[in-house]
Every structure is written in structure tokens, then in C-alpha cells.
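Worksheet for the structure shown next.
The values are calculated or read from the model by the stated rules, or taken from the named source; none is laboratory data. Predicted model only: the values in this text are computed from it and were never measured. Virtual Cβ from ideal backbone geometry, glycine too; neighbours counted across all protein chains shown. SASA here: full protein model, heavy atoms, side chains in, ligands and nucleic acids out. Shrake-Rupley method; radii C 1.70, N 1.55, O 1.52, S 1.80 Å.
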Amino acid sequence: MNIYIYDSFLNQKKYERILAQIETRVTDLGLNGKIVRLNVMNNINEVINRETKNKVKTIIAVGNDQTVNKIVNAMIDCQVPLGIIPLGKENNNIAQALGIDFEEAACETLSARRITKIDIGLANNSCFLLQAAIVNQGTTLEISQNYSIEIANKGEVQIINLLSPNINLPLKTSINPQDGFLELFIKTQSTKNLFNQVLGHSIIQIKKVLIKNTKFPIILDNVISISAPAEISLFKQKLNIIVGRGRNF
């Protein structure tokens, strides 16, 4: 059985039409299943725990990056494959990185059922798929007991697991969310004038890093904020996830 988890923001009337179209398409493809609508009365962890006891074939996140993030955090020890139906092109970087098209077109990806395993990033007790990011100002990175980095220049630190479409990395840099490593990307503005901007940057492949900052939070998947200090690493298990042909790895 498929479980479609609709995020709470989809309870707005303006989404009724597109949800009806999606429901018609999944029925045409033989992918119909149970719909669970999140609201203030139900808890995502309780929903996942309850539904995974019933021989679930696939859990499908219907919504955006925030929807995917909270469902991944709720099904962290679950080996049921995750599918995604993203609504709208904004705030759906995870789906784009996985090669999943929007709305009705995403149903075709579900039907093709290309399942792969990808790494899950972990920041203390919170999971992420794309990245953990924090501003450079006041940030210290402890990569080992004998190796730490303090960044003075303005910019951003990104610990990348899955490459978001809006991140520009140096040429010939590849990100593989299946290799058991994270990429530490330190982006700084080294030169600036009225006509152009030259960026300095460094990329280091890591297994674990401790981020310290007393003023600024760490942002996970561009949607969740947690306080530093935080240890960033990979979860012991990988996530089974349905991907599209156009994925970036």
C-alpha cells in the first residue's frame, strides 16, 4: 500500500485543484493509496510509526523541502522507500536534485520506481538531505582533535550531501550522496568592485565536523534552524528513495 502524506499547508483551498489532478493521475497509474493530511492534531512521528506497521510499499511526501525534511526525520530507521511529489518550483530543491519533476509529472517518476540508496546527513539529532549551512562570521570548524578552521572573511560554510540546484561549486567538483562522505564547502568573498565579484572557495571531503558559533544558527535543507555547536556527520543507514532520470549524481 502507498501512503501519501500531505503537508498541512496543502489544506488551503488554493491547492484543491492541483491535488485533485494528482490524485486522478496516481489512480490512472495504479498508484492509488491512503492519504494522510497533516494538521495540528496529528504528529508526523506518530503517523509514520502507525503506517509503517501495515506493510507500506512506499511513503510519498507531497509538498516541498520542509515536507521532505520532516518526513525523513520521522522515518529515519525505516527502510520503506520514500517518494516525492513536489508542489510548485519554489522550495523544492531536494526534488530537483533527485531529478523529480513537479506535481502531476512527478507521478511518472513514482510509476517508474527507480529506487536508490543515498546518504543521510545528521546534525546532532536532526537529519538533512541537501546541506547544513552557516555564515562564516564567528564560525569555527573542528574537523579533528588536531585540525580546526576559523574563518574571518564574509561568506558561508556549507556541508553538502546532495547538491542543490542553486549552489554554484568550482568547476569539475562533483557531489556523490552515495559515497559515505560529506563535502565541506567554504565560500568567501575575496574581492569586490562595482563591476564584478571574485569568489574564493575551498572544498574538503569529510566524515565529520563540529561547528561552533555563538551568534548564528545552522540551517538544514534551507528550511530547519538548529543551534550551534553541532556535530555534522552521516547517519549509519542510507535512505531508500525514488529518483528520476535527471538526478545530478
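What the table below lists for this structure:
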| read-out | value |
| --- | --- |
| Some residue of segment 98-108 being of a type in the set (V, I, T), within 25 Å of S202 (Cα to Cα) and surrounded by 15 or more Cβ atoms within 10 Å (Cβ to Cβ) | no |
| Test: K57 is within 17 Å of the chain's Cα centre (by Cα) and basic (K, R) | no |
| Contacts under 7 angstrom Cβ, first residue in segment 64-80 being open to solvent by 40 Å² or more (accessible area, probe 1.4 Å), partner in a helix (DSSP H, G or I), 6 or more apart | K70/I44 |
| Complete set of residues in segment 51-72 that are among the charged types (D, E, K, R) and within 22 Å of F9 (Cα to Cα) | E51, D65, K70 |
| Cβ pairs under 7 Å, 6+ apart, first in segment 131-147 and on the phi > 0 side of the Ramachandran plot, second assigned to a loop (DSSP other than H, G, I, E, B) and surrounded by fewer than 22 Cβ atoms within 10 Å (Cβ to Cβ) | G138/N213; G138/T214; G138/K215; G138/F216 |
| Counted residues, segment 168-192 - those being open to solvent by 70 Å² or more (accessible area, probe 1.4 Å), at pLDDT below 95 and outside any strand (DSSP E or B) | 4 |
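Each row is one residue, and each column tells you yes or no for (1) in a helix (DSSP H, G or I); (2) hydroxyl-bearing (S, T, Y); (3) touching a Ser or Thr at 6+ places or on another chain (Cβ under 8 Å).
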| position | (1), (2), (3) |
| --- | --- |
| I5 | no, no, yes |
| F9 | yes, no, no |
| K14 | yes, no, no |
| T27 | yes, yes, no |
| L31 | no, no, yes |
| N42 | no, no, no |
| N45 | yes, no, no |
| I48 | yes, no, no |
